């Protein structure tokens, strides 16, 4: 069941969105979630085709899990089977492998207008969250969408293990990464995050 991991996502993703825009947020804990997700930027109301890709003139919706099938995300996460779930309150899609010890991700979708200075602002603040800072160096990843950047590293228990951003036109999709309890080093998590962003960009 994904409820603990999904609830944990509420704290991190809401706090990251607020810090990108200069807002305040309550401290969170990776195993508890009392934050109100209404603080996150409004998500684009878009439609998607049956295969997860957007039809002409529309954009796919990543936050409601319709754009990327769980089976495809499971492969990107390094497994073969997994599950997907929209967290209570909506706005975030969580993907996890059947083995809860393995890496997982939560996916959000924003407009460039939701961030101060747009894409540049999102990139500049990728490692900083209201629950702490990911102690890592952001790395630009060429060839994915209209731009992509990844940071992985260490932080306290409330801080995610990595974040990946990909620019798709005027849309920014953020993948928040968790290692789980598996022994996954930073290089491996960077590779997994790259695969996740590549899959997301393929659906645009």
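No lab work stands behind these numbers, since they all come straight from the coordinates. From a predicted model like this one, the values you see are computed outputs, not experimental measurements. Here Cβ is always computed from backbone atoms with ideal geometry, including for glycine, and neighbour counts include all displayed protein chains.
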Problem set entry | Additional length obtainable on full extension of the chain from residue 81 to residue 202, 0.36 nm per residue less Cα span | 41.6 nm
For this session: Identify the residues of region 181-204 with backbone N under 20 Å of a label point that sits 7 angstrom from the Cα of residue 111 along the Cα-to-Cβ direction, or state none.
Result: 204
Seminar exercise, completed: Label model pair residue 119, residue 170: point-to-point distance (7 angstrom along the Cα→beta-carbon line) in nm is 1.4 nm
Problem set entry | Most to least packed among 104-111, 195-202, 81-88, 140-147 [average Cβ atoms within 10 Å] | 104-111, 195-202, 81-88, 140-147
Seminar exercise, completed: Distance in Å, no decimals, from the C-alpha centre of region 73-101 to the one of region 147-201 is 14 Å
For this session: Determine the shape class of region 63-204: with a ≥ b ≥ c the square roots of the Cα gyration tensor eigenvalues, call it rounded for a/c under 1.5, and otherwise prolate if a/b is greater than b/c, oblate otherwise.
Result: rounded
